[in-house]
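Engineer: Encoded as structure tokens, here's the structure I'll be asking about.
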Amino acid sequence: MTVEAVPEESFVRISVRDTGPGIPAESLPHLFHPFWQVEGTGKKGTGLGLTISRGIVQAHGGVLAVESEEGRGSTFSFTLPRISLSVERAPGPQVH
């Protein structure tokens, strides 16, 4: 598994790449649908993880995507906007 963070001008892209069995092309359009699961994997779950993850990323102004090829693995990536933090701090207590 490879995890990568790539800063761009207005966003940061985080990618997680594996070399597993990959996801069938006909399944890719359905991956982010609630309760949907790829059949025949033997994996148990509710089918909500990717739906919830996409919602969280979108709520922060980003995009969650997947690229996969059967027999070669999958790459899940998400972007988040870059922001500049200018935090003003209240003066701390004075020490005498």
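Engineer: Among G20, G47, G61, G55, which is the only one that is open to solvent by less than 50 Å² (accessible area, probe 1.4 Å) and on the phi > 0 side of the Ramachandran plot?
Structural biologist: Values: G20 fails: on the phi > 0 side of the Ramachandran plot; G61 fails: open to solvent by less than 50 Å² (accessible area, probe 1.4 Å); G55 fails: on the phi > 0 side of the Ramachandran plot.
G47 is the lone residue from the list that is open to solvent by less than 50 Å² (accessible area, probe 1.4 Å) and on the phi > 0 side of the Ramachandran plot.
Engineer: Separate question: What number of residues in region 23-34 are under 22 Å from V63 (Cβ atoms) and either part of a loop (DSSP other than H, G, I, E, B) or open to solvent by less than 70 Å² (accessible area, probe 1.4 Å) (or both)?
Structural biologist: Count: 8.
Engineer: Ok, one more. Check region 65-77 and report whether any residue there is open to solvent by 70 Å² or more (accessible area, probe 1.4 Å), modelled with pLDDT under 95, in a loop (DSSP other than H, G, I, E, B) and in contact with a His (Cβ under 9 Å, 6 or more places away or on another chain).
Structural biologist: Checked against the condition, which is being open to solvent by 70 Å² or more (accessible area, probe 1.4 Å), modelled with pLDDT under 95, in a loop (DSSP other than H, G, I, E, B) and in contact with a His (Cβ under 9 Å, 6 or more places away or on another chain), region 65-77 yields no hits at all.
Engineer: Working only within region 35-44, note down all residues that are open to solvent by 60 Å² or more (accessible area, probe 1.4 Å) and either on the phi < 0 side of the Ramachandran plot or hydrophobic (A, V, I, L, M, F, W, C) (or both).
Structural biologist: Listed by number, the residues that qualify are F35, W36, Q37, E39, T41, K43, K44.
Engineer: Name the single residue that is nearest to R82 (Cα to Cα) among those in region 10-35 being in contact (Cβ under 8 Å) with a residue 24 or more places away in the chain and in contact with a helix residue (DSSP H, G or I) (Cβ under 6 Å, 6 or more places away or on another chain). Walk me through it before giving the result.
Structural biologist: First, the residues of region 10-35 that are in contact (Cβ under 8 Å) with a residue 24 or more places away in the chain: 10-25, 28, 31-32.
Those still in the list that are in contact with a helix residue (DSSP H, G or I) (Cβ under 6 Å, 6 or more places away or on another chain) too: 31-32.
On the way: L31: 27, F32: 24 Å.
Taking the candidates together, the pick is F32.
The values are calculated or read from the model by the stated rules, or taken from the named source; none is laboratory data. Since this is a predicted model, take the numbers as computed values, not measurements. Glycine gets a Cβ as well: all are built from the backbone with ideal geometry, and neighbour counts include every protein chain shown. Heavy atoms of the whole protein, side chains included, go into the accessibility calculation; ligands, DNA and RNA do not. Shrake-Rupley method; radii C 1.70, N 1.55, O 1.52, S 1.80 Å.
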